[in-house]
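I have placed the structure first, in the form of structure tokens, so that the comments after it can refer back to it.
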Amino acid sequence: MGQCVRYEIVLPLEYRPSPRRKRISIPPADYDSFFREIVAKFGGCTATNPYSPSPYVGIWKGEAENVITAFALVPARKQNAAMEAFSRWKDELERKYRQKLILIFHYNVNTIGDL
């Protein structure tokens, strides 16, 4: 049995570049770049498909928002590096897309077989 940590990140599909402007879509290339960065650092990433209708909709203070969710399984021995990376990505994404909060969850999981 392998012990690992699952990191899940909830990403918006749109953002408002400034308070008075309309919401605009986040370019698909931005997701691709972010997912490739996760793969390069931790070996894999799975995400809901940003090119199809979102399976999730979040409602935040009266404003509905479509989101995608991505996750990565990280071996427990790499947990410190993963926490640093996901914390950095969280800060970068909140700043870049003017988000009050990018949700990231992490929790221990056991797999059948080693990663």
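The values are calculated or read from the model by the stated rules, or taken from the named source; none is laboratory data. Predicted, not measured: the structure shown is a model, and the values here were computed from it. Please note: Cβ atoms are built from the backbone with ideal geometry, for glycine as well, and neighbour counts cover all protein chains shown.
Remarks
- Test: Ile68 is in contact with a strand residue (DSSP E or B) (Cβ under 6 Å, 6 or more places away or on another chain) and either at pLDDT below 90 or in a strand (DSSP E or B) (or both): yes
- Filter result (modelled with pLDDT of 90 or more and not small (Gly, Ala, Ser)) within the stretch 32-56: Asp32, Phe34, Phe35, Arg36, Glu37, Ile38, Val39, Lys41, Phe42, Cys45, Thr46
- Hey, Ile26 surrounded by 11 or more Cβ atoms within 10 Å (Cβ to Cβ), farther than 28 Å from Asn110 by Cα and at pLDDT 85 or above or not: yes
- Options Ile112, Ile102, Ile59: the member that is more than 18 Å from Leu11 (Cβ to Cβ) and modelled with pLDDT under 95: Ile112
- Inside the stretch 1-31, residues that are in a strand (DSSP E or B) and of a type in the set (Gly, Ala, Ser) make up a count of 2.
- Identity of the residue in the stretch 1-22, more than 30 Å from Asn110 (Cβ to Cβ) and hydroxyl-bearing (Ser, Thr, Tyr), that ends up modelled with the lowest pLDDT: Ser18
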